[in-house]
Each structure stands twice: as C-alpha cells, then as structure tokens.
1. When the Cα centres of the stretch A:25-47 and the stretch A:50-115 are compared, how far apart do they sit, in Å?
2. Which residue fluctuates most in the GNM of chain A (Cα springs below 10 Å): A:D56, A:D24, A:D86?
3. How much accessible surface area, in Å² rounded to 10, belongs to the heavy atoms of B:E97 with a 1.4 Å probe?
4. Residue by residue through the stretch B:65-81, which ³J(HN,Hα) values in whole Hz follow from phi under the Karplus form 6.51 cos²θ - 1.76 cosθ + 1.60 (θ = phi - 60°), with glycine and proline marked x?
5. With just the Cα atoms defining each centre, how far is the stretch B:1-23 from the stretch B:52-111? Give it in Å.
6. For chain A, what does the relative contact order come out to in percent, with C-alpha contacts under 8 Å and a separation of six or more?
7. Under the definition of Cα pairs under 8 Å and six or more residues apart, what whole-number percent is the relative contact order of chain B?
8. Take peptide A:40-52, look around each residue's Cβ out to 10 angstrom, count Cβ atoms belonging to other protein chains, and average those counts.
Amino acid sequence: GAGVSQSPSNKVTEKGKDVELRCDPISGHTALYWYRQSLGQGLEFLIYFQGNSAPDKSGLPSDRFSAERTGGSVSTLTIQRTQQEDSAVYLCASSPTGGGFYGYTFGSGTRLTVV
Amino acid sequence: KQEVTQIPAALSVPEGENLVLNCSFTDSAIYNLQWFRQDPGKGLTSLLLIQSSQREQTSGRLNASLDKSSGRSTLYIAASQPGDSATYLCAVRQRGEKLTFGTGTRLTIIP
C-alpha cells in the first residue's frame with residue numbers, strides 16, 4: 001500500500017477485556033515497529049520485527065502484551081486483560097530494512113481507551 | 001540511558017517569521033536522527049533524516065542540522081505558515097532498533 005495502515009483507528013474497551021490492534025506495513029518493508037504514546041509519557045518503543053528473525057520484545061511493558069507478524073507482513077499487537085493504564089495511542093511504523101537508514105514511516109495509530 | 005530533550009515545549013510565532021526548534025541528546029553515539037511532525041489526533045509524518053556522518057539536511061523550507069559531538073540538532077523553518085502548526089518531535093537511533101523520542105515542541109503559527 002501507499003502507507004502504513006492501522007486498524008481500528010479508535011477502540012474503546014472495558015477493563016479486563018482483550019484487544020487486538022492491526023498494522024499493515026508498506027509493501028516490501030521488512031522492518032516493523034510498534035510504539036506507544038501515552039499522555040505525558042511521550043513515545044515509547046514496544047517491539048521490533050525484522051524479516052524472519054526473532055523479534056526484539058524488550059519494550060513490552062508486561063506479559064499481557066504480545067505481538068506477532070504473519071508472513072513477514074501484517075502484524076497484530078494483542079493486549080490481554082486490559083487495564084486503564086493501557087489507554088494510549090498505539091503507533092506502528094515500517095522501514096525498508098532494519099537499521100533505520102532509510103527512515104521510518106508511521107501509521108496514524110490506534111487510540112485505545114480502557115474504561 | 002539516552003535522554004532526548006526538546007526546548008521549548010511550546011512556541012508561538014507570527015506567520016512569516018523564521019524559527020528554530022532545538023533537540024538535545026545525552027549520548028552522542030547515535031546512528032541517525034530524525035525529525036517528525038505530528039498533527040492533533042494523527043500519526044507521525046517524517047520530515048528529515050540525518051545520518052550520523054551528515055551535518056545537515058534540507059527539504060523545502062526546512063533545514064535540520066546535527067552536531068553529534070555536542071549532542072544537538074536544530075530544525076529551522078523558514079517563512080513560517082499557519083499550516084506549519086503541529087507538534088515537532090526529534091528521535092535518535094542508537095545501537096539496536098529502538099528510537100528514543102524527544103518530548104516534543106508544540107508550534108503555533110499565528111496568522
């Protein structure tokens with residue numbers, strides 16, 4: 001596609017429910033990143049995928065968070081048993097390769113509200 | 001641990017003026033630095049990418065400079081327009097794939 005596509009754009013969920021957030025990177029981009037933007041916290045790294053390599057999960061805040069990338073393309077970020085502190089904008093980015101040499105293209109994000 | 005700071009946090013200038021946004025980082029061992037803009041309720045739009053070996057990059061009315069040894073970058077916007085109003089973020093990449101983002105500068109151009 002022309003850009004990084006994320007869905008849904010907005011999600012309101014009840015505390016304790018599971019949610020899935022989807023990211024479609026730019027076609028051909030091998031590197032995919034998830035970031036979280038919380039009010040007053042700025043942008044924080046969550047996870048990175050590069051081709052078929054094991055993902056870098058060092059930014060995931062708890063074991064309630066997981067992500068997968070199928071077929072080297074679409075990625076899904078899953079949050080189990082959501083808590084109010086999970087409310088944030090979740091941003092996905094892709095890059096032609098790892099290393100960021102060509103920069104990063106971000107999607108418009110999914111705004112998650114846990115009530 | 002890398003820390004990225006942007007000063008000022010907010011800036012208002014009359015239309016037509018030139019302006020400079022600042023970004024500083026504590027660890028100079030970076031691979032690259034990127035400037036983004038973020039409009040309210042939107043994602044990030046990439047503006048300029050500077051590799052560690054470069055001193056500056058230009059795109060239209062925007063010019064970004066990088067002084068790695070002093071841990072500073074500036075984004076210069078010439079002849080500002082109301083459409084430039086947004087939050088501007090800088091981000092640095094070090095070893096590994098993680099970007100460390102600055103705190104952002106909220107820019108308002110007054111018509």
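1. Cα centroid to Cα centroid, the span is 5 Å.
2. Evaluated over chain A, the most mobile residue of the options is A:D56.
3. 30
4. For the stretch B:65-81, the Karplus-derived couplings read 10, 9, 10, 5, 5, 9, x, 9, 9, 10, 10, 9, 10, 8, 6, 4, 10 Hz, x marking Gly and Pro.
5. When both Cα centres are located, 8 Å separates them.
6. On the way: 280 pairs, mean separation 43.3, N = 115.
Averaging sequence separation for qualifying contacts and normalising by length gives 38 percent for chain A.
7. Relative contact order for chain B comes out at 37 percent.
8. Details: counts 1, 1, 8, 11, 4, 6, 1, 2, 4, 1, 1, 0, 0.
Across A:40-52, the average partner-chain Cβ count within 10 Å equals 3.
The values are calculated or read from the model by the stated rules, or taken from the named source; none is laboratory data. On a predicted model such as this, the values are computed, not experimentally measured, just so you know. Backbone-built Cβ (ideal geometry, glycine too); neighbour counts: all protein chains shown. Ligands, DNA and RNA are excluded from the accessible area calculation, which covers all protein heavy atoms including side chains. Shrake-Rupley method; radii C 1.70, N 1.55, O 1.52, S 1.80 Å.
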